[in-house]
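The next block holds one structure in the form of structure tokens; read it before the comments.
Nothing in this text is a laboratory measurement; each read-out follows from the coordinates by a stated rule. Note that the structure is a prediction, hence the values are computed from the model and not measured. Cβ sites come from the backbone with ideal geometry, for glycine too, and all protein chains shown count toward neighbours.
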Amino acid sequence: MRIGEIARLLAREYGKGRWIADEKPLDSLIGTILSQNTSDANSGRAFDSLKRRFPSWALAERATSRQIASAIRRGGLAGIKSRRIKAILAGLKREHGCLDLGFLKRMPLREGYDYLCSLKGVGPKTAACVLLFSCRKPAFPVDTHILRVAKRLHWAKTQETAEAFQERIQGRIPREWVHSLHINLIALGRAVCRPRKPRCPECVLARLCPSAGL
């Protein structure tokens with residue numbers, strides 16, 4: 001798959017960045033839930049609105065789903081997302097006695113991943129995002145941009161889903177590249193390897209891509 005070579009080329013083009021777990025895991029989880037099926041801008045506004053209405057997760061846990069939905073309405077699907085957030089907060093309080101996911105940092109990657117996926121409304125990509133960005137675990141979330149690039153590189157099979165590819169590639173990416181490769185594949189997919197009319201002549205991966213120019 002030439003992962004290391006491709007990761008280096010992308011890092012040269014887009015930068016490697018610093019892999020810093022600078023957000024609390026619970027904040028990250030709820031923020032990622034709010035990002036489902038909406039734009040980054042809308043989900044960011046919804047999260048900010050939620051935190052203004054409920055400055056602590058303890059206040060949000062004591063609120064009703066309807067009150068949470070009112071706070072996050074601008075993020076879309078407020079009814080569904082509010083019920084998921086309420087259930088996660090209530091479950092944490094009931095099972096762990098606190099509203100904190102810091103214990104994920106001490107868990108092995110797979111154990112933390114399976115725990116998050118056991119929560120209603122938390123899928124493989126959401127779980128991997130929380131572990132990668134908040135726990136500095138070498139999880140590799142696969143979104144639509146990454147899946148599209150992976151299929152054009154022949155990393156992923158033509159009919160493979162994002163969830164199946166994510167499961168298959170986990171653990172195959174060297175830890176030193178997992179963060180920057182995730183970020184940079186998304187950047188490439190947005191700017192160059194677009195769904196329609198990909199800009200192959202501008203692509204830093206053109207000479208390695210079997211789909212270049214097709």
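For R106 and R190, the FRET efficiency from 1/(1 + (r/R0)^6), where r spans their Cβ atoms and R0 equals 35 Å, is about 0.50.
By other beta-carbon atoms within 10 Å, ranking F103, F165 with the fewest at the front produces F103, F165.
Among R110, R53, R18, which one shows the biggest mean-square fluctuation in a GNM of the chain, springs joining Cα atoms closer than 10 Å? Fluctuation is largest for R18. Running a GNM on the chain with Cα contacts under 10 Å, which residue among G123, G79, G97 ends up with the highest mean-square fluctuation? Comparing G123, G79, G97 in a Gaussian network model of the chain, the most mobile one is G97. The alpha-carbon of K93 sits under 22 angstrom from the alpha-carbons of these lysines, leaving out residues fewer than 8 places away in its chain: K24, K51, K81, K105, K120.
Potential lengthening of the chain between S56 and A21 amounts to 10.6 nm, from the contour at 0.36 nm per residue minus the alpha-carbon distance.
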